[in-house]
Amino acid sequence: MELKIIKFDHFGRGIAKDSNKIYFVDKALPGEIVDVIVTQEKKNYNEAKLDKVIEKSNQRIDSICPLFNKCGGCNFLHTTYEEEIKFKKEKALELLGRCDHFYETKDMNYRNKVTLHVKDDKIGFYQERTHEIIKVDYCYLLDDRINRVINELNKISMSDYNITKIIIKSNNGKVLLDVDGIVDDFFITYFDDVDTIISNNKIVKGNGYQEEIIDNKIFKITSKAFFQVNKQGLENINRIIQRYLKDKKINKALDLYSGTSLWGILISDKVGEVTSIEVNKEASLNAIDNIKKNIISNIKVINGRVEDYIDTFNNIDLCIIDPPRSGLDKKTIAYLKKINSKYLIYVSCDMFTLKRDLELLKDNYIINEVNLVDMFKRTYHVETVCLLCRKSVDK
Ligand SMILES: C[S@@+](CC[C@H](N)C(=O)[O-])C[C@H]1O[C@@H](n2cnc3c(N)ncnc32)[C@H](O)[C@@H]1O
């Protein structure tokens with residue numbers, strides 16, 4: 001059936017309408033006339049896939065990746081980066097009502113981490129919404145050091161080592177390979193370019209961790225600890241935070257959902273004291289090491305859930321909040337209202353939960369700025385850095 005695409009939905013799919021239904025068409029662009037095949041019929045809408053482009057958008061380009069139509073990792077390889085940026089800005093305008101600055105990611109191959117799955121010796125990504133593995137030889141989002149390891153992994157038998165899951169990280173020119181199988185001397189020698197190898201949670205080569213240098217501070221990152229996947233994006237978020245803190249007097253700060261204490265450490269010389277709260281044990285131990293390595297004396301680390309500790313603080317001037325996609329729970333929202341921190345910096349990787357949380361905080365906090373940082377170029381995801389101040393404080 002033939003449809004005219006009106007605009008993007010929030011996941012980068014084309015939206016079309018006929019007399020009685022809305023259609024969400026994967027990989028169709030605004031302005032295009034397309035032939036589609038309906039893949040799912042629902043009561044109020046249909047999902048469809050592109051069969052043929054009848055009238056092409058001038059923003060359509062050929063995908064550089066042969067896996068684009070199979071692997072759900074990228075959403076925008078069929079269009080220009082300008083069109084993707086427009087989509088991301090419009091999404092922020094629709095959901096959050098504003099978009100003050102957009103920070104681009106210049107190059108492809110920006111990701112410093114990948115998780116791969118293995119089945120029947122096939123190494124790759126899960127196809128979207130399935131456990132079908134799409135074999136990967138090269139990924140345009142991944143750092144080329146990671147691609148080189150994938151290329152080598154593809155040449156040996158994973159079943160010989162019972163490997164079903166692989167993590168590869170690349171930071172500061174060094175590579176870490178973490179597998180859930182048991183590797184042997186051949187495997188270790190074969191990957192002589194890899195700096196650290198972890199097999200079934202045991203370090204079998206190297207020191208077992210990665211390091212990254214941000215703003216003259218050094219960060220230790222072990223395999224299972226969260227770290228931002230795009231260094232340029234991370235540095236842009238840091239620029240936004242540093243700019244916001246300039247000329248502000250901050251005595252007590254909280255770094256909530258702190259990972260390796262990234263933001264806490266990066267603001268530590270601008271504030272009186274910081275408490276970082278992180279649930280993951282490994283990340284919290286990295287944070288303690290990072291504080292020592294950088295000779296910082298004003299950060300305390302709590303290994304626990306934000307919602308279990310948040311009500312033990314008062315007289316807070318700044319909260320940096322960087323939660324997982326699910327956003328903030330009810331108790332944390334209630335307490336953020338109660339402690340009435342002078343400033344909040346909300347770093348979010350999910351605009352829907354951010355919108356929900358901002359709505360719940362709006363009686364107490366005013367939004368000063370909404371910044372988009374393109375942490376996940378070529379996908380529909382984007383990092384949002386929201387700068388807020390409490391209603392009773394002048395900007
Ligand atoms: C998006 S990451 C941000 C980490 C860190 N701020 C950074 O930029 O590297 C979210 C972090 O929140 C942690 N986390 C998830 N739920 C949590 C909770 N209820 N309390 C504390 N930490 C939590 C995760 O382990 C993860 O490290």
Mind checking which residues of segment 248-265 are surrounded by fewer than 24 Cβ atoms within 10 Å (Cβ to Cβ) and more than 9 Å from the ligand (Cβ to nearest atom)? K248, K249, I250, N251, K252
Can you spot a residue in segment 37-59 that is surrounded by fewer than 17 Cβ atoms within 10 Å (Cβ to Cβ), closer than 24 Å to Y126 by Cα, touching a Leu at 6+ places or on another chain (Cβ under 9 Å) and not charged (D, E, K, R)? yes
For segment 16-30, which positions are more than 30 Å from the chain's Cα centre (by Cα) and of a type in the set (D, E)? D18
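Every residue, every condition in (1) in contact with a strand residue (DSSP E or B) (Cβ under 6 Å, 6 or more places away or on another chain); (2) among the charged types (D, E, K, R), yes or no:
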| site | (1), (2) |
| --- | --- |
| I310 | no, no |
| P324 | no, no |
| G327 | no, no |
| Y346 | yes, no |
| D350 | no, yes |
| L358 | no, no |
| C389 | yes, no |
For segment 307-321, give me the residue count where each residue is buried (at least 22 other Cβ atoms within 10 Å of the Cβ) and within 8 Å of the ligand (Cβ to nearest atom). 1
Report, ordered by the first and then the second residue, all pairs with beta carbons closer than 7 Å, sequence separation of six or more or different chains, a first member in segment 293-319 that is within 15 Å of I265 (Cβ to Cβ) and assigned by TED's automatic domain parsing to the domain that holds I333, and a second member that is assigned to a loop (DSSP other than H, G, I, E, B) and within 13 Å of the ligand (Cβ to nearest atom). I299/S261; V301/S261
Which of the helices (runs of 4 or more DSSP H) found entirely inside segment 285-388 contain at least 3 residues meeting this: of a type in the set (A, V, I, L, M)? 330-339, 351-361
Tell me, which residue of segment 223-247 that is among the polar types (S, T, N, Q) and away from the ligand (no atom under 12 Å from the Cβ) is surrounded by the fewest Cβ atoms within 10 Å (Cβ to Cβ)? Q242
Looking only at segment 266-284, count every residue that is in contact with a Gly (Cβ under 9 Å, 6 or more places away or on another chain) and part of a helix (DSSP H, G or I) and tell me the total. 2
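The values are calculated or read from the model by the stated rules, or taken from the named source; none is laboratory data. Everything quoted here is computed from the prediction, not taken from an experiment. Here the Cβ is made from the backbone with ideal geometry for all residues, glycine too, and neighbour counts use every protein chain on show.
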